[in-house]
Each structure stands twice: as C-alpha cells, then as structure tokens.
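One structure is given below, encoded as structure tokens.
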Amino acid sequence: MLAVKDGDRQAFATLFQRYSKPLHNFVCRFVGNPSVAEELVQEIFFKIYRAADRYQPRGRFSTFLYRVATNHCLNEVRRADYKNRFESIEQAADPSYSGARMELTDHHRPSAEKLLYGQRLAFKIQEILNKLPNNQRAALLLHRMEGLSYLEIAETLELTVGAVKSLIHRAKKTLEKQLEAYECQNSLHSGSSSLTDLCAEQQS
C-alpha cells in the first residue's frame, strides 16, 4: 500500500488481484446479493485508491482493507432502498446463483435431492445472516470467513476484544438455534425418525 501511496499503479493492480476475490466473498455474505457485492467491491477499492495519500501503516493492510469494507457495507445496508436491491428468493434454487453455492467435501456427485437441499440450506444461512444485527454479522464474517483474530476484528470494528467475543458468541448462538429449528422442520417433512423424535422432545 505504501507503493500505491507513492503513485505505483502496478502495486494497486497487485493488491486488487490478491484481495478482490476474498473481499467479494465477504461483501457478498454481508449484503446478501452477489451483483450488489460486485459493485461495492469496485467502490471500496476506488475509495482506497483515492485515500492512498493519507494511508498510515499502523497494522496489516488486510485490517485496513476490511475496516474500509465493513464501514462501506454498513453504509449500504442502512440505505432506505437497500432491501429493494435484493435479488428474488427464487434464485436460491438456481445452481448458477453464486450466493447459494456450497463447497462439497466429498468427491461423489450428490443426488438432485441433496443438491437442492444444500442450495436451500445455503440460502437459509444467508437469510439468517441478513437478519443479524449489523455488528454481529460483521464480526462473525470477519472471524469465520476471513480468519481474522479477535484483536484484528477489534481494530477493524474499533471495539474492545471483549465486545468482539460477545458479538461473535451471540451471532453463533442465533445461527445455531435457527439452523436447528430449520433442520427439525425439514426432518418432520421428510419423515426422518431420529431428528423428528428430537424435535418432538424439544417441543414437548
């Protein structure tokens, strides 16, 4: 970034190549919309380029980058027309919809039923993330997706480490609780005995 500050355009291109993909993944999860995320990533890098002359190396560049990105995303989701920019929910069932993709760990081709369930589950996770308070969503994504430490997240969000741990804990609890309810609901429809019994026990 210091080279960019000195006017080295190739250095900026190198930064963009290195960080644009992970940043897009982060922004996409934050705003819940791939096309909006692509636009925001461009805006974030443009903002960084314009502010290069004021850049002060107080830590890792990635911390600075995600601080700018998080603030930009927060400004986006606070906009009055934000919800109107979401894509249709039907896109979650479309394999070409990047926001609904999942990484598969086995090497066997999944059945159509499993693939559809995986897409729906990925969409459900994104739906839950969208409903989290903004600061919880930011902290969770920085920790789980970008692998930032508690200290780095604290620096990025300008919070204490204790506050960051609390945000992540609450976000995880919400995610686990709602996914458990979702799994129970789906198992009741599919007739899975073990999960159905578990759901019945929880509801009794």
Hey, can you tell me all the residues within region 3-30 that are part of a loop (DSSP other than H, G, I, E, B) and aromatic (Phe, Trp, Tyr)?
none
Quick check on region 53-69: of everything there that is among the charged types (D, E, K, R) and assigned to a helix (DSSP H, G or I), which residue is nearest to the chain's Cα centre (by Cα)?
Arg67
Going by the conditions given, is Phe61 modelled with pLDDT of 90 or more and under 17 Å from Ala3 (Cβ atoms)?
no
Picking from Gln42, Gln56, which residue would you name as being farther than 27 Å from Lys131 by Cβ, surrounded by fewer than 14 Cβ atoms within 10 Å (Cβ to Cβ) and not small (Gly, Ala, Ser)?
Gln56
Quick one: what pairs do we get from region 51-72, first residue under 15 Å from Leu159 (Cα atoms) and not assigned by TED's automatic domain parsing to the domain that holds Leu151, second surrounded by 14 or more Cβ atoms within 10 Å (Cβ to Cβ) and among the polar types (S, T, N, Q), C-beta under 9 Å, 6+ apart or different chains?
Thr63/Thr156; Phe64/Thr156; Tyr66/Thr156; Arg67/Thr156; Thr70/Thr156
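The values are calculated or read from the model by the stated rules, or taken from the named source; none is laboratory data. It should be emphasised that the depicted structure is a prediction, and the values quoted were computed from it without experimental measurement. Note that we place each Cβ from the backbone using ideal geometry, even for glycine, and neighbour counts take in every protein chain shown.
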